[in-house]
Amino acid sequence: MLSKVPEVTVFFWIIKVLCTTVGETAADYLNTTLKLGLTGTTLVMGVMLAAVLVWQFRLRRYVPGVYWLAVVLVSVVGTLITDNLTDHFGVSLWTTTIVFAAALAAVFALWYRSEKTLSIHSILTTRREVFYWLAVLFTFALGTAAGDLVAERLDIGYWRSALLFAGLILLVALAHRFLRLGSIPAFWAAYILTRPLGASIGDYLSQDKDAGGLALGTMGTSAIFMAAILAVVVYLSVTRRDQLQASDAA
């Protein structure tokens, strides 16, 4: 099996932020604008995610279109998991943030205990890929809870929240560059933080002006970012600039 994930380049982070933004706005669009409701939206997106993950697991190498489609759908489902717990079951954002942080830590612990590495450059077996996608799912659920907690419950606002999380990502990068923070913890810290960053951007663009947004709407924002994702994925599919061969895995 060749590597099932892309090389971590600037394109990786660009698409990741775009996907997290779409995850926030698309979930809101399906839930409220199309009036599917949280339950209906969760069922539809859950089935779609399951189908795409089956497709992803059946592949023997990284295919940009399939991989990033799975990330988009995981982003949407991760958002819906948090929204269901908060809106349907009345679980506070403080609680969901703590629970998802603990769940993610447990996934990392089991992954490392089983495989002795958390490097995404080593996703060369089905078992490692299972751990990888579980970790991705919980990073999105955690990011949604933490982002909503900061922007809404703590009343920091969407654009201030985006600046806050962007600043935290910058601190992670500086710690990696100058303080010898390992590449693996630096990667996963930045990966987690891009979720609330993208969600804050999405909410700021889509929400009404009286709620602190730019009132572009969930449909318009989702369409813009989906078009951007498609453009970058097509570019990567043609140029293969994010391909990582098994011989390069660490």
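The values are calculated or read from the model by the stated rules, or taken from the named source; none is laboratory data. Because the structure is predicted, anything quoted here is derived from the model rather than measured. Neighbour counts run over all protein chains shown; Cβ positions are idealised from the backbone, glycine included. Side chains are part of the model used for accessible areas, which takes the heavy atoms of the whole protein and leaves out ligands, DNA and RNA. Shrake-Rupley method; radii C 1.70, N 1.55, O 1.52, S 1.80 Å.
Key figures
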item	result
Scan of segment 134-162 for residues that are open to solvent by 30 Å² or more (accessible area, probe 1.4 Å) and of a type in the set (A, V, I, L, M), ordered by number	L134, L137, L154, I156
Segment 1-58: number of residues that are of a type in the set (A, V, I, L, M) and in contact (Cβ under 8 Å) with a residue 60 or more places away in the chain	11
Residue match in segment 174-192 (condition: out of contact with any Asp or Glu (no Cβ under 8 Å at 6 or more places or on another chain), among the charged types (D, E, K, R) and open to solvent by less than 30 Å² (accessible area, probe 1.4 Å))	no
Number of the condition not met by F165 [criteria: (1) free of Cβ contacts under 8 Å to residues at least 40 places away in the same chain; (2) surrounded by fewer than 24 Cβ atoms within 10 Å (Cβ to Cβ)]	(2)
Elements of type helices (runs of 4 or more DSSP H) in segment 1-103, at least 1 residues being closer than 17 Å to I120 by Cβ and open to solvent by 50 Å² or more (accessible area, probe 1.4 Å)	10-28, 37-58
Only listed residue being of a type in the set (F, W, Y) and either over 21 Å from F100 (Cα atoms) or free of Cβ contacts under 8 Å to residues at least 40 places away in the same chain (or both), chosen from F131, F187	F131
Set D203, D210: member being open to solvent by less than 70 Å² (accessible area, probe 1.4 Å), among the acidic types (D, E) and farther than 25 Å from F108 by Cβ	D203
Residues within segment 110-119 that are part of a helix (DSSP H, G or I) and open to solvent by less than 60 Å² (accessible area, probe 1.4 Å), tallied	3
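Yes/no matrix, rows are residues, columns are (1) under 21 Å from G143 (Cα atoms); (2) modelled with pLDDT of 90 or more; (3) of a type in the set (D, E, K, R):
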| site | (1), (2), (3) |
| --- | --- |
| M1 | no, no, no |
| A26 | yes, no, no |
| L30 | yes, no, no |
| M45 | yes, yes, no |
| Q56 | no, yes, no |
